[in-house]
1. Against the conditions (1) crowded, with 20+ Cβ neighbours inside 10 Å; (2) under 17 Å from the mean Cα position of the chain (by Cα); (3) within 25 Å of residue 14 (Cβ to Cβ), where does residue 263 fall short? Just the number, please.
2. Scan segment 105-131 residue by residue and report those that are part of a loop (DSSP other than H, G, I, E, B) and crowded, with 20+ Cβ neighbours inside 10 Å.
3. Report yes if residue 149 is more than 19 Å from the chain's Cα centre (by Cα) and buried (at least 21 other Cβ atoms within 10 Å of the Cβ), otherwise no.
4. Only one residue in 129, 77 is in contact with a helix residue (DSSP H, G or I) (Cβ under 9 Å, 6 or more places away or on another chain), more than 26 Å from residue 48 (Cβ to Cβ) and more than 16 Å from the ligand (Cβ to nearest atom). Which one?
5. Among 102, 81, which is the only one that is more than 19 Å from the chain's Cα centre (by Cα), surrounded by 21 or more Cβ atoms within 10 Å (Cβ to Cβ) and in contact (Cβ under 8 Å) with a residue 24 or more places away in the chain?
6. For residue 139, indicate whether it is within 16 Å of the ligand (Cβ to nearest atom) and either at pLDDT 95 or above or farther than 21 Å from residue 251 by Cα (or both).
7. Does segment 172-193 hold any residues that are surrounded by fewer than 18 Cβ atoms within 10 Å (Cβ to Cβ) and under 30 Å from residue 72 (Cα atoms), and which are they?
8. Taking the residues in segment 1-44 that are surrounded by 19 or more Cβ atoms within 10 Å (Cβ to Cβ) and within 16 Å of the ligand (Cβ to nearest atom) as candidates, determine which candidate is nearest to the chain's Cα centre (by Cα).
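The values are calculated or read from the model by the stated rules, or taken from the named source; none is laboratory data. These figures come from a predicted structure and were not determined experimentally. Positions of Cβ are backbone-derived with ideal geometry, glycine not excepted, and every protein chain shown enters the neighbour counts.
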Ligand code: UT7
């Protein structure tokens, strides 16, 4: 029997604690007006000290299983897209496998920054085509853990969250019908966590220099983002033989409202088809797209056969876009 590969269920999880622009005004030299007008962000969620990526990721994963009416034992692979795993190793996917009781699943992490979820969707699709039955894909990041809250240029941007999707067989013609993933490693310097790896292990000196915090050339990432969101969207539409008119929901990585709006204008995407929640969560990295996807699913504005286009960019520098034809659930 021929089949396609699509999404069988989605879930999300965010911490309860809210960090507002007013809270940040008390910590660094910034204003609500600057943050809102330059980024569109009003608040973000921050995980409590005892919560790690696996806790939030497991919660989102369980919710995705529930929405797909599946049990953890039905999963044969877990892919966790993250750059803020519980520890450098073992993989957070293994910790989540144990937490949710997915004892039949292989498990690994994938590092592609904010593009991680789209990369993982593409890998999951190909794993299902290669014989896996059901893949749990989780995008989770706790960027608050690597954010320098004395650096106003970055600390206003990021928040914590998790989103998940179950990937498996759907009826022919539905599902993930086209993808476009890529990287430009020449831009690796523009967004990085300098210390803590084999290049620069953490020492008193790296801590003194605050190299255990995320560091970003915001303008460079901004320029890349605007260009690549447009280019990757065009490529994935061409692969799917669709135009932007065919897309019901355009779901961009939620990093900055100016990046989103400028890409949407270039692509001719009207506001009623453009999903934005950056004002409530800030940039949640690999969680941003699956969080948005789950909110759309919950809003019940999706019909069987609707086309969704997700597109993201991030550390690497990387990018990823996918077009999903919603529905086609078998059985
Ligand atoms: O998921 C991928 C991760 N990264 C991104 O998506 C980030 C992409 N980049 C951006 O979103 C934007 O570049 C930022 C929001 C980070 C910065 O916005 P910008 O419009 O590019 O501002 P800028 O960096 O050019 O800074 C303009 C001014 C500077 O002051 P001077 O040098 O002109 O006097 C900054 O010092 O704004 C200042 N500034 C701030 N002022 C108040 C930077 N951060 C703040 C702040 N509050 N929080």
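1. Among (1) crowded, with 20+ Cβ neighbours inside 10 Å; (2) under 17 Å from the mean Cα position of the chain (by Cα); (3) within 25 Å of residue 14 (Cβ to Cβ), the lone unmet condition for residue 263 is (2).
2. Residues of segment 105-131 part of a loop (DSSP other than H, G, I, E, B): 105, 111-112, 130-131.
Answer for segment 105-131, where residues must be part of a loop (DSSP other than H, G, I, E, B) and crowded, with 20+ Cβ neighbours inside 10 Å: 105, 112.
3. Details: more than 19 Å from the chain's Cα centre (by Cα): yes; buried (at least 21 other Cβ atoms within 10 Å of the Cβ): no.
No, not satisfied.
4. Values: 129 fails: in contact with a helix residue (DSSP H, G or I) (Cβ under 9 Å, 6 or more places away or on another chain).
The match here is 77.
5. Values: 81 fails: more than 19 Å from the chain's Cα centre (by Cα).
Of 102, 81, the one residue that is more than 19 Å from the chain's Cα centre (by Cα), surrounded by 21 or more Cβ atoms within 10 Å (Cβ to Cβ) and in contact (Cβ under 8 Å) with a residue 24 or more places away in the chain is 102.
6. Values: within 16 Å of the ligand (Cβ to nearest atom): yes; either at pLDDT 95 or above or farther than 21 Å from residue 251 by Cα (or both): yes.
Considered against the rule, which asks whether it is within 16 Å of the ligand (Cβ to nearest atom) and either at pLDDT 95 or above or farther than 21 Å from residue 251 by Cα (or both), residue 139 comes out as yes.
7. 172, 173
8. That would be 44.
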